[in-house]
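Following: one structure in C-alpha cells, then a few remarks.
The values are calculated or read from the model by the stated rules, or taken from the named source; none is laboratory data. Quick caveat, the model's predicted, so the values are computed rather than measured. With ideal geometry, Cβ positions are generated from the backbone for all residues, glycine too; neighbour counts draw on all protein chains shown. Please note that ligands, DNA and RNA were not included when accessible areas were found on the heavy atoms of the full protein model with its side chains. Shrake-Rupley method; radii C 1.70, N 1.55, O 1.52, S 1.80 Å.
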Amino acid sequence: MRYPTLEQFIAGEWRPGGDGVCGVVRNPATDEVLAELPRASASDLDDALTAAQDAQAPWRRTPAMQRASILLRAAALLQERVESIALTMTLEQGKTLAEARVELGAAIESFQWYAAEAGRAYGRIIPARIPGARQMVIQEPIGPVAAFTPWNFPANLPARKISAALAAGCTMILKPSEETPASTLALAQALADAGLPKGVLNVVLGVPDQISSHLIPSPVIRKVTFTGSVPVGRHLARLAADHIKPCTLELGGHSAALIFEDADLDTAIPLCALGKTRNAGQVCTSPTRFLVHESIHDEFVGRLVQAMNGVRLGSGLDPSSQMGPLANARRIAAMERIVNEAKSAGARVEAGGERLGSVGNFFRPTVLTRVPTDSEPMNVEAFGPVAMVRPFSTVDDALSEANRLNYGLAAYAFTQSAATAVQVSEELEAGGVGINSFAVGHTEAPFGGTKDSGYGYEGGVEGISAYLHSKYVHHA
Ligand code: NAD
C-alpha cells in the first residue's frame, strides 16, 4: 500500500529533516512501519521563521479575493484527491476509509468557508466626535502563527487553523502530529499546487517540545494555536504567556449525554453507539458519561450493549468495518487502565472491556455500569470507545453530575420536551450542546471549550477573528 516519503515544507520547498529522523510512523491496524519521521533542526526552524516573516507583508497586502481564490483552488484539488488522501489517512491513523472521506469533506468545507470569510473581515466606522473626522476600525492580520495539531483528525483540525489564518492574511508554521503527518502534508501540497506564495504556510516535523520551545518565543510569531490534551495545552499557554502571545486552545473533554425518560430510544441508541465509536471514540467531543433517567436505565443499558456489540471492528481499509483500531499503542494501555480502575472500584463490564487480537490496536466497544463518580474513569478523559452509564432521578441531579468536572467542551441531551431542551441548553456548562444530536462541530458554527477544555473558537465567523487584530484609526 502506498504511503508517501515524509518531508518538511519550508519556504515553498520540500526538504528532509536537518537533524535526520526521530522515529517512525506506524500503521495502527498492522503495527507495520510506514515511513521515517524527519527531525527538524534548529536551522530548519529558523528557515521556517524567516520564510513566515518574509511572506507576511506581501500576503497581508494580497487582496482578500485573491487569497480566497487560492483557498478555493486548493479545496478543488483536495476534492480531486480525496480517495488517495483518505487511503493515506486510514494507513497512518486507522479510521475507516468512510470516516476519512467524511473528514476530508469537512476539511474542504473549511477551505471554502474561510475563502468566503476572507472577503467579509469587515471593519467599521464609528460616529465621529468631531465634525469631518473619521473614526475607523480596521481588521488586520495578527501576524505569523505557530500551530500545533494532533493525530485524531489529521486533516480537518489543521485545515480549520490553516484556512482561517490564511484567509485573515496571516502566515503560519504548523507542526502536525508526529504520528499522522502525511494527511496534513497533503493539505500543504494542495495549497502549493493552488499557487500559494512561498513561505505563507510552512510545515515542520520532529520532536514536539523542541519545535514549540523554538517557535513560540521567537519574536516573529504573533499567535499560538493548539489542539490536543489539557497538560500540553497548559504547557504551551505558559510558554505563550511568557512571551505575551495570544493563544487559542482546543483541549480535551469528558462529555455527558443526558438521556431523559421521554427520549426516543429508537433514534437515541444508534446515535449513542455511533457517537461513542466514531473514530474509535478518539474525539474530544465524544460522549463518555451517559446519564440515564432511572426509569429507563436498564432498558438503555441492554439496548446500548446490543448496539455496541454490533459495531464491526476491523481494518479501516475493509469496507465492512465500522470502527478501526485505536491510533496508537498508548490508547490501548489507557483503555485497559480505565477498565481495570473501573472494575476495582466496583463497576460492571457490560460489553467489550478488552483488546481484540494481538496485532494492531483494536479495542472492543465497551460499556461500563456502576462506575463510581469518584473513580478515575469518571474524571479523566477516556479518548476511546468506552461508555459509562449511570442512572439519575431528577434534572438537577443530572445537570450537577454533567457539570461536575473541570472539562467543558460538549454536552448532550436526548428528550422530546421543548422545556427540558431549553433548560439543559442553558444550564449545561459546555462550549457546545447537542439536543437529540452529537453534531456540535460544524464549519459554519463556533467551536470552543469552557473551563479546562480551552479558550477561543474555531469555525464560524468567530474562527477568523482569532487571527485578526482590530486597529483603531482616528483621522481628525
Ligand atoms: P499528548 O498530550 O502527548 O499529545 C497530544 C498532541 O500534542 C500530539 O499531537 C503531540 O505532538 C502534541 N504535543 C505534545 N507535546 C507537545 C509540545 N511540547 N509542543 C507542541 N506539541 C506537543 O497526548 P497523546 O498521548 O497524543 O494523547 C493523549 C491525550 O491527548 C488524549 O487522551 C486526549 O485527552 C488528548 N487529545 C486531545 C485531542 C483533541 O482533539 N482535543 C486530540 C488528541 C489528543
(message) Kirkwood hydrodynamic radius, computed over distinct alpha-carbon pairs, for segment 335-476: how many Å, to one decimal?
(response) 17.8
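Write down the percent of antiparallel bridges among all DSSP beta bridges whose residues are both part of the chain, to the nearest 5.
Details: 28 of 66 bridges.
Around 40 percent of the beta bridges assigned by DSSP in the chain are antiparallel ones.
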(request) Measure off, as a whole percent, the carbon and sulfur share of the 1.4 Å-probe accessible area of segment 1-76, all protein chains present. (result) 50
(message) Under 20 °C and 1.002 mPa s, how fast does the chain diffuse according to Stokes-Einstein, given a Kirkwood radius computed over C-alpha pairs? Answer in µm²/s, whole number.
(response) 93
(request) Among the aspartates and glutamates, select those whose C-alpha is under 13 Å from the C-alpha of K471, and discard any that sit fewer than 8 residues away in the same chain. (result) E140
(request) Apply the Debye scattering formula to segment 259-324, with a single equal point scatterer on each alpha-carbon and no solvent, then give log10 I(q)/I(0) at q = 0.27 Å⁻¹. (result) -1.21
(request) Report, in whole Å, the centroid distance computed from the Cα atoms of segment 138-190 and segment 84-130. (result) 10
(message) Over 25 Å between Cα atoms: which of K95/K451; K223/K276; K161/K198; K245/K451; K175/K245 fall into that group?
(response) K95/K451; K223/K276
(request) Give the accessible surface of segment 382-455 per residue, rounded to a whole number of Å², with probe radius 1.4 Å and ligands, DNA and RNA excluded. (result) 40
(request) Roll a 1.4 angstrom probe over the protein heavy atoms and tell me the percent of accessible area of segment 194-270 that is carbon or sulfur. (result) 61
(request) Take the alpha carbon gyration tensor of segment 24-127, find the square roots of its eigenvalues, order them as a ≥ b ≥ c, and report rounded if a/c is under 1.5; if not, report prolate when a/b exceeds b/c, else oblate. (result) oblate
(request) For a quick protection proxy, order the peptides 3-15, 161-173, 253-265 by their average other-Cβ count within 10 Å, most packed first. (result) 161-173, 253-265, 3-15
(message) Using amide H atoms built in the peptide plane, which far-off residues or other-chain residues are under 5 Å from L37 H to H?
(response) C22, G23, V24, V25
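Accessible area per residue of segment 286-372 at 1.4 Å probe, in Å²?
So segment 286-372 comes to 43 Å² accessible per residue, rounded to a whole number.
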(request) Counting helices only, and only those DSSP H runs with n ≥ 4, report the 222 nm mean residue ellipticity of the chain as the sum of -39,500 (n - 2.57) divided by its residues, in deg cm²/dmol to the nearest 500. (result) -12500 deg cm²/dmol
(message) In whole Hz and in residue order, list the ³J(HN,Hα) couplings for segment 394-399 that follow from phi through the Karplus curve 6.51 cos²θ - 1.76 cosθ + 1.60, θ = phi - 60°; x for Gly and Pro.
(response) 10, 4, 4, 4, 5, 5
(request) Leaving ligands, DNA and RNA out of it, report the carbon-plus-sulfur percent of the accessible area of segment 300-382 at a 1.4 Å probe. (result) 45
(request) Pick out, from H442, Q416, S358, the residue whose Cα sits farthest towards the positive end of the charge dipole of segment 340-449, with +1 on the Cβ of Lys and Arg and -1 on the Cβ of Asp and Glu. (result) S358
(request) With a 1.4 Å probe and every protein chain left in place, work out the accessible area per residue of segment 17-71 in Å², rounded to a whole number. (result) 47
(request) Return the sequence-ordered ³J(HN,Hα) values of segment 345-352 in whole Hz as given by the Karplus equation 6.51 cos²θ - 1.76 cosθ + 1.60 applied to θ = phi - 60°, using x for Gly and Pro. (result) 8, x, 6, 10, 8, 8, 7, x
(request) Please give the FRET efficiency for V21 paired with H442, using the beta carbon to beta carbon distance and R0 = 35 Å, rounded to the nearest 0.05. (result) 0.35
(request) Could you order C284, C272 by accessible surface area, starting with the largest, using a probe radius of 1.4 Å? (result) C284, C272
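Using Cα pairs under 8 angstrom and six or more residues apart, how large is the relative contact order of segment 317-427, in percent? Don't jump to the answer; show the numbers that get you there.
Values: 127 pairs, mean separation 22.4, N = 111.
Relative contact order here is 20 percent.
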